[in-house]
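To start, the structure itself, in structure tokens.
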Amino acid sequence: MRVTLTSPPFQNVPCYSASEPWKATSQWPALWVVPPEEWHKLWVAAFRCQFRTTNRTRDRLHVTADERYELYLDGQWIGRGAQRGDKSQWFYESYAVDLKPGLHTLVACVWALGPLAPWAQVSIRPGFFCCPEKPELVAKVATGVAPWELLPLRDRTFRDMGPAAGTAIGSGPSETLDARVTSWGWERGVGEGWIVAGKGGGGYHGFQAHSTRPEHWLKPATLPPQLNRPWKRFRLFRTESDAIAAKAWLEFLKKGVAITIPAKSKVSLLIDLEDYLCAYPELKWSGGAGSKISLGWTEALRDPASDDKRHGNVTAESRFLGPSDEIIVDGGANRSWHPLWWRCGCYVQLEIETGAEALTLNGITFFETRYPLSVESRWQTPDAELERVLAISRRTLEMCLHETYVDCPYYEQLMYVGDTRLQCLLTYALTTDTRPPRNALALYDSSRVNPSGIVACAHPNNGGQLIPPFALWWVAMVYDLARWRGQPDFIRERLPGVRAVLDLFHQHVDADGVLRGLEGWNFFDWTFQPGGVPAGGEPGGRNAGLQAHWALVLGYVVELETYAGEPELAARYRRWQREAQQALMSTFWNEKRGLLADDAKHTSYSEQVQCLALLAGVFTAKQRARVWKGIETGSDLLRSSCYFAHYFFEASLAAGRSDLFFARLAPWRQGVQEGFRTTPETFGQTRSDCHAWSAHPLYHYLTGVVGIQPGGFGFETVTIAPQLGELKSASGELAHPLGTIRVKVWQTKGKLTAEIELPQGLRGVFRAGGKTKPLRAGKQKITALA
């Protein structure tokens, strides 16, 4: 059983707990085991260790692999890993085992996909590592110490689907399983062809002062096991199977009732999963020698004429297009297969062509996989369409949260900073579990070990890419965690990185106080062209969005340093902030337009710049009014994408303009009407149907419409300022470390009535109609002007 370590391993082992504690050592009592050097970079192998215990033995096994593994004990699957990390944070999983006296077999399926690996998969030197804690078990089980063997598994081959329309890119290859060459029973350690595993390097949990050689610096997994739950929702969208009735297929899908496909026949089954799903499919079969099985996934079906994606308006003629895995059947009994990595989408196509022998399908199970997010918050709105927008926002976050946050499950599966900041904010609003945000913040921090010294735009990443503005959003993420959850010790660990990033940016501030564009891709928002870079955003250029972003983040750091007890540093950044604000106004403010221009020559204007400047607090009251008028009436303003709409919503709700929030929700409402099950990368003919950077309406509903916000760092107080806008009522329950904050608010005849319940130990204020009223723990009812 997987266990999450809350303290270092080997705490109760005398040789470590006495003269030389574990934390003072640098090397584990185990080595990596590796395949032969002549193996190609792309391989799959089973590693086994057979050992005997004379007494009942309880211990913990610490396991990892490069690139990944699945672990079996005495033929039973017990877990997978390693949690996705990087070279300085190579995670290992820990398993509590209870071994009865007798012979045992530990087997790991390990793979390294080399050039075909997912973009987010980092590798140093492929291999496998396993280390128990008890010395008597180290000799019997530890890799590099005990007699480990390996068996090449040559039954899987891999296909890079490439960037063809409708297929996944960056998420890894599709598989072909040739069951005719499978070494069946390898997970039990049986079969022929096992060879002695080679010994690799040591397992290190510290840095060797005399060496800079790349090593796996082992750290305990920070996250619990991923969800592994059978999916129960299916609808037969289309069947092409004369010999088998639709009812039989449904019983096969929902109840696991076996179904036999006659010899020399073809079957095509299109399954609607009735929601977006990330899952490991497991297919079981018997017989059918020579049959071919294909299992494909897609986010949406396509119009047969235009090839456009279709969601709610699909027809029987709609076309399937997506990556697929294939199986060549050997004819044996009780066979099974699941892919090495999860698949995703809304539709699954199962195609079968049998040979001279009938094929029996014994069952198919889709094991939903994602981070086991416990959604503690609740919400309700009388607007059914808005309720659906909020529901798909939640589902999008769930589908984009795994071992890391991901931008999208179907394509890159990368943890981009700009996306992740919004995902973390929604996480804070839905749960008190901060493990995913902390994991993201720490990984980004370690990504600074690159030639630029700033945070990488997406990490972990086996390629590497720099979007300098995203480094500033990482600083904002540190601020967000401090504001929502406090955790001062963790924040102090991040502050050296925050300061380093700001120092590097400050080197690019010119004599006029303007931040010049850094080297790299200065992506801001996709509505800027070309490539999402605004006018003046090129390296060395001057852009108001970058300047407003700089001023905004400096304000965050002033508060962070004050919170951390560093008034001198706070004063330094306050000075930088004032200089940045002054330079923003003197360089980019156009008095005639009453707006900030994008560039120093005042050739273009955008909504994005105004929103960041509003949030940065650079305007006087008179200027603010003019800016809002310009945002509402400016026909030439470039508008925000569904990603940057987050900052438009933030600025609008901060100004009490919930009317603008509700008006701008129109594309999300349209998406619901079109049948989207998640929020997309862009509206219209989008590439990715499931993209968490557009899932923020749920965050804004809870924090802006219902109006529940932290009143200060650590959420030690609460501010409740509802803005119902066009709604007659709204309610929400927001997760808080002390309990649940409950708010129900409605408006009648110009009056706002709120029923509020705060958990014990929490106090705050209620704001509405220009008035502020104190809030105490417990239940209370407040009436104010709407």
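Each reported figure results from applying straightforward, stated rules to the coordinates on display, with no laboratory input. Keep in mind that what you see is a predicted model, and the values were worked out from it rather than measured. All Cβ positions, even for glycine, are placed from backbone atoms using ideal geometry, and neighbour counts span all protein chains on display.
For region 692-759, applying the loop criterion from DSSP together with a ceiling of 15 other beta carbons within 10 Å to the GluC sites (Glu not before Pro) yields 716, 726. If you line up the long axis of helix 417-430 against the longest principal axis of the chain, both from Cα atoms, how many degrees apart are they, to the nearest 10? The angle comes out at about 90 degrees. For mean projected area of the Cα convex hull in nm², computed directly from the structure shown, the correct entry in [x] 34.4; [y] 36.9; [z] 48.7 is [y].
Between the Cα long axis of helix 544-563 and the first principal axis of the chain there is an angle of about 80°, rounded to the nearest 10. Working from Cα pairs under 8 Å separated by at least six residues, relative contact order for region 229-368 is 41 percent.
How much length would be gained if the chain were fully extended between residue 669 and residue 740, taking 0.36 nm per residue of separation minus their Cα-Cα distance, in nm to one decimal?
22.7 nm
What the Cβ-Cβ distance of residue 755 and residue 659 gives, at R0 = 25 Å and to the nearest 0.05, is a FRET efficiency of 0.55.
Quick one: 277, 113, fewest Cβ neighbours within 10 Å first, how do they rank?
113, 277
Highest average first, the peptides 381-387, 777-783 ordered by how many other beta carbon atoms sit within 10 Å of their residues are 381-387, 777-783. Taking the number of Cβ atoms within 10 Å of each Cβ as an exposure proxy, the fewest-first ranking of 477, 1 is 1, 477.
Taking each residue as 0.36 nm, the span from residue 229 to residue 374 lengthens on full extension beyond its C-alpha to C-alpha distance by 50.8 nm. Here the relative contact order of region 707-786, from alpha carbon pairs under 8 Å that lie six or more residues apart, stands at 25 percent. Neighbour counts of other Cβ atoms within 10 Å put 124, 741 in the fewest-to-most order 124, 741. When both region 634-660 and region 728-786 are represented by their alpha-carbon centers, they are found 25 Å apart. Calculated on the alpha-carbon coordinates, the convex hull of region 103-173 measures out at 135 cubic angstrom per residue. Pairs spanning more than 18 Å between alpha-carbon atoms, out of 254/309; 751/771; 728/751; 87/140; 232/254: 254/309; 87/140. Each part reduced to its alpha carbon centroid, region 291-369 and region 664-680 end up 27 Å apart.
Compute the angle between helix 468-485 and the longest alpha-carbon principal axis of the chain, please, reported from 0 to 90 degrees and rounded to the nearest 10. Tilt relative to the chain: about 90 degrees. Value of Rg to Rh for region 707-786, rounded to two decimals, is 0.95; Kirkwood radius and Rg both from alpha-carbon coordinates. Rg over Rh for region 501-642 works out to 0.97, using Cα positions for both radii and the Kirkwood form for Rh. Our note on the geometry: Cα centres of region 376-446 and region 61-102, 27 Å apart.
Counting DSSP beta bridges with both partners in the chain, what percentage is antiparallel, nearest 5? The partial results should precede the final answer.
Working: 142 of 154 bridges.
Within the chain, antiparallel bridges account for around 90 percent of the total.
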